[in-house]
Structure formats: C-alpha cells, structure tokens
Amino acid sequence: MFRKSILLTALAVLLSAAPAFSQESRFEAGAFFGWTFADGADGAGILAQDGNFYNRIDPKDSIKWGLNFGYLATEQAEVGFQFSRQQSKLTVGGTQTNDVGDMGILNYHGYVSYNFGEADSKVRPYVMIGAGATHFPSVPIPRTQFQTPSNTKFSTTWGTGVKFFTSPKFGLRVGAAWTPVYLKSDANGWWCDPWYGCYVVGDAQYSNQIDILGGVVFKF
C-alpha cells in the first residue's frame, strides 16, 4: 500500500510537470541589424598609374544584417548557428584612399551562448563565442579586365549584449561583437634561443569586424 501511494504521488508530480515542460520555449530565432567598423591589411605597396602609392587594402565601415537560430539545452546554455552579411566596399589606401567596388562579406558561425538569469526573466544579459568561416568575394577592378580573388577564411566571433523580453515569446536585443579573420603573417625579424636555435618572427595581420547591433528575438 505504501509503495502504491509513492508511485501514485510520483505519477501525479510527473503529470503536473509535463504541461509546464512542454510549454517551455526551447528554441530562439532572431534577426539583427547594425553597423560594422572594419579593417584589412597592409603590404609592400605599389605605385599605381594614377601616380599614387597604395599599401593598404580594407573593407569599408558599413551596415551589417544577419539571422540566428539557437537551441536552449538548459535555461542558460544555448547552441546555434548565425549568418551575417556586411554590405561593404573594398578600398585601397596609401597617399590617398579610393573605393574599388562593392564587396559583401559573408560570415557563417556556429556558436555557444550563455544567457544569465532564469528562462522567464524579462532581462537576460548574454555572452557568446563562435567559430566558422568568413567569405571575401571577388571584386572587379574598375577600367580593367581584372578582379580580386575570392577567399574563404577560418574565423571566430565573440559577442555580448542584453535581451529584453516584452512578452514570453518576443524580445529585443542589443549588443556588440568582434570577428577577427587571420589574413597573413609578415616577416618581422629573427628570434634566437640557445636551445631551439633561430627562426623568423612573423607579424600576424587580421581583418577585424567590430559590430554594434540591435535586433529582435522570437522564442518558441
């Protein structure tokens, strides 16, 4: 009789908890829009036909938009995928700066995010880290038959911000993110060690995207 009472009690608890669990929002989808501060790399440089010396190539600061989809494995831990596009232009710089042409930079990142607070909190700060790829498309060079080569590079992304939920299923998001993309390393002298010998030291150069973003969040 005692065991039967325990089983009935446990069953009642499970049945009462099931509806609450089934109604819990486990997925988040969002869209975001903002501004990106971007840079590229420098090199040896060339003297162009227009008489100017150019030694830098950069993406121009521009707008960015993107989409993300995540699964809440726990109340705090989220895993997902994020896509973004920077509506940029390719520029060359040196004795003067000129736009070469339109260049839409694409980012594809899987991410892990930690959301502070409880699942039903109206305000939830978050931090996230992701890894994936950044694609730089080819850009036609004006008044020539040439174009820059397209390239896809491994990249990471790091972000933080706050989500404000106006209802259980909808919220707003503001945040910032940084996406560094390794481009190349330039020789920067020699380093010598009595045990390991001498080798060339490289100066790594990255293309950076620093984003200020706002968006919407949907929970379901």
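The values are calculated or read from the model by the stated rules, or taken from the named source; none is laboratory data. Here the structure is a predicted model, which means the values were calculated and not measured. Counting neighbours? That spans all protein chains shown, and the Cβs are built from the backbone with ideal geometry, glycine included.
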Positions within region 130-150 being among the β-branched types (Val, Ile, Thr) and more than 23 Å from the chain's Cα centre (by Cα), in sequence order = Ile141, Thr144, Thr148
Being of a type in the set (Phe, Trp, Tyr) and loosely packed, with under 13 Cβ neighbours inside 10 Å is the filter here, so list the residues in region 133-156 that pass it.
-> Phe146, Phe154
Just one listed residue, out of Val127, Val123, is of a type outside the set (S, T, N, Q), within 15 Å of the chain's Cα centre (by Cα) and at pLDDT 95 or above, and it is Val127
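Yes/no matrix, rows are residues, columns are (1) over 20 Å from Asn151 (Cβ atoms); (2) not in a loop (DSSP other than H, G, I, E, B):
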{"site": "Asp58", "(1), (2)": "no, yes"}
{"site": "Asn68", "(1), (2)": "yes, yes"}
{"site": "Thr74", "(1), (2)": "yes, no"}
{"site": "Leu90", "(1), (2)": "no, yes"}
{"site": "Asp99", "(1), (2)": "no, yes"}
Which one of Ser88, Ser62, Ser84 is surrounded by 14 or more Cβ atoms within 10 Å (Cβ to Cβ) and under 19 Å from Trp158 (Cβ atoms)?
-> Ser84
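Yes/no matrix, rows are residues, columns are (1) in a loop (DSSP other than H, G, I, E, B); (2) touching a Gly at 6+ places or on another chain (Cβ under 8 Å):
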position	(1), (2)
Ala119	yes, no
Arg124	no, yes
Ala133	no, no
Pro142	yes, yes
Ser155	no, yes
Gly161	no, yes
With Gly110, Gly159, Gly171 as the choices, which residue is free of Cβ contacts under 8 Å to residues at least 60 places away in the same chain, surrounded by 14 or more Cβ atoms within 10 Å (Cβ to Cβ) and in contact with a Phe, Trp or Tyr (Cβ under 7 Å, 6 or more places away or on another chain)?
-> Gly171
